[in-house]
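Only one structure is covered here, and it is reproduced in the block below.
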Amino acid sequence: MSNPTYTPPKIWQWNPDNGGRFAVINRPTAGAREDKALVVGKHPFQLYSLATPNGVKVTIMFEELLALGIGNAEYDAHLVNIMEGEQFTSGFVEVNPNSKIPALVDHSTNPPTRLFESGSMLLYLAEKFNVLIPSAPSQRAECMSWLFWQMASAPILGGGFGHFYAYAPEKYQYPIDRYAMEIKRQLDVLDQHLAKNRYMCGDEYTIADIAIWPWYGALVSNKVYEAAEFLQTHEYPHVLRWNDEIALRPAVQRGRMVNRTWGEPSSQLHERHDASDFETKTQDKITQPE
């Protein structure tokens with residue numbers, strides 16, 4: 001291997017210029033950097049997010065709840081520009097001390113309930129409305145296992161493979177090879193499971209699918225990192241079949257649009273405050289997968 005060997009110093013020192021695309025916002029410290037309150041809309045749920053895979057999980061969940069006729073799941077989705085550091089305002093940090101999107105507040109409780117970490121939001125909403133989660137104990141345990149599998153595995157995909165393959169200021173073979181190997185193993189885990197199951201929990205569409213699809217569906221359909229050819233994602237036909245089926249769901253298509261600020265204009269809905277907000281988009285975009 002031609003990469004130079006790096007010898008860590010005895011004591012690590014932060015270099016503000018080191019970090020590539022995200023160097024401007026990354027620091028080794030936590031807490032608010034600006035005193036600014038969050039905007040609060042009219043609905044029971046207030047979501048502060050961006051349409052990254054983690055943010056998309058929650059907007060899909062809300063759109064699925066509303067599609068089931070659960071009016072109490074109405075929500076406002078406020079855009080958080082993470083490249084401008086809006087996740088470090090005092091209002092945001094009060095909801096999510098980890099300063100990562102998404103952040104959610106349930107104003108239907110007294111006092112309001114704060115939620116951070118996308119997996120916890122999916123579980124909270126599923127339990128609150130008693131939908132999209134199996135009722136039988138064994139199937140519920142299966143759902144929880146896959147939900148937590150996603151929470152544990154996706155950082156390897158995003159902060160690991162995605163960073164070193166797509167975003168790092170310098171490309172080195174070892175980390176790319178190491179993470180590519182693990183991502184292909186994860187895809188194989190999913191493919192073997194989906195060979196025997198329509199969804200992650202058998203024939204029932206659940207929060208496990210909603211958690212996993214924005215990351216791994218986007219990967220195999222080449223919507224993140226442009227790495228489908230590199231990873232040869234065509235080798236996972238059952239993941240591709242599952243991805244395509246979920247992509248056809250109207251609630252999924254709506255959820256993908258919310259807080260999205262890139263791509264075709266018709267695929268973007270920067271903020272969502274009412275179901276009618278989607279009416280300004282083409283109907284074809286809501287009924288046909290990309």
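Among the residues in segment 158-167, are any of a type in the set (S, T, Y), farther than 26 Å from W262 by Cα and loosely packed, with under 15 Cβ neighbours inside 10 Å?
no
Mind listing whichever residues of segment 112-170 are in contact (Cβ under 8 Å) with a residue 24 or more places away in the chain and closer than 20 Å to G71 by Cα?
M121, L122, L123, L125, A126, F129, V131, L132, I133
Checking Q186 against (1) among the polar types (S, T, N, Q); (2) surrounded by 15 or more Cβ atoms within 10 Å (Cβ to Cβ); (3) touching a residue at least 40 places away in the same chain (Cβ under 8 Å), only one condition comes out false. Which one?
That leaves (3) as the condition not met.
Checking the conditions here, which among T52, T7, T109, T59 is among the hydroxyl-bearing types (S, T, Y) and modelled with pLDDT under 95?
T7
So, in segment 247-289, how many residues would count as being touching a Ser or Thr at 6+ places or on another chain (Cβ under 7 Å) and at pLDDT below 95?
Count: 4.
Quick grid of which residues meet (1) touching a strand residue (DSSP E or B) at 6+ places or on another chain (Cβ under 6 Å); (2) of a type outside the set (A, V, I, L, M, F, W, C):
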position	(1), (2)
T52	no, yes
V56	no, no
N72	no, yes
S90	no, yes
N110	no, yes
T113	yes, yes
L122	no, no
L132	no, no
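Can you confirm whether segment 112-126 contains a residue that is farther than 18 Å from P44 by Cα, within 18 Å of the chain's Cα centre (by Cα) and surrounded by fewer than 16 Cβ atoms within 10 Å (Cβ to Cβ)?
No, because not a single residue in segment 112-126 is farther than 18 Å from P44 by Cα, within 18 Å of the chain's Cα centre (by Cα) and surrounded by fewer than 16 Cβ atoms within 10 Å (Cβ to Cβ).
All but one of (1) touching an Asp or Glu at 6+ places or on another chain (Cβ under 9 Å); (2) surrounded by 21 or more Cβ atoms within 10 Å (Cβ to Cβ); (3) closer than 15 Å to R272 by Cα; (4) of a type outside the set (A, V, I, L, M, F, W, C) hold for E86; state the number of the condition that does not hold.
If we test E86 against (1) touching an Asp or Glu at 6+ places or on another chain (Cβ under 9 Å); (2) surrounded by 21 or more Cβ atoms within 10 Å (Cβ to Cβ); (3) closer than 15 Å to R272 by Cα; (4) of a type outside the set (A, V, I, L, M, F, W, C), just (3) comes out false.
Among the listed residues Y174, Y225, Y179, which satisfies the condition of being in a helix (DSSP H, G or I) and surrounded by 15 or more Cβ atoms within 10 Å (Cβ to Cβ)?
Exactly one of Y174, Y225, Y179 is in a helix (DSSP H, G or I) and surrounded by 15 or more Cβ atoms within 10 Å (Cβ to Cβ), namely Y179.
Taking the criterion of being outside any loop (DSSP other than H, G, I, E, B) and under 19 Å from P53 (Cβ atoms), would at least one residue in segment 234-241 satisfy it?
yes
Among the residues of segment 92-108, which ones are within 20 Å of P155 (Cα to Cα) and touching a strand residue (DSSP E or B) at 6+ places or on another chain (Cβ under 8 Å)?
Within segment 92-108, N96, P97, N98, K100, I101, P102, A103 meet the criteria.
The values are calculated or read from the model by the stated rules, or taken from the named source; none is laboratory data. Keep in mind that this is a model prediction, so the values were computed, not measured. Note that we place each Cβ from the backbone using ideal geometry, even for glycine, and neighbour counts take in every protein chain shown.
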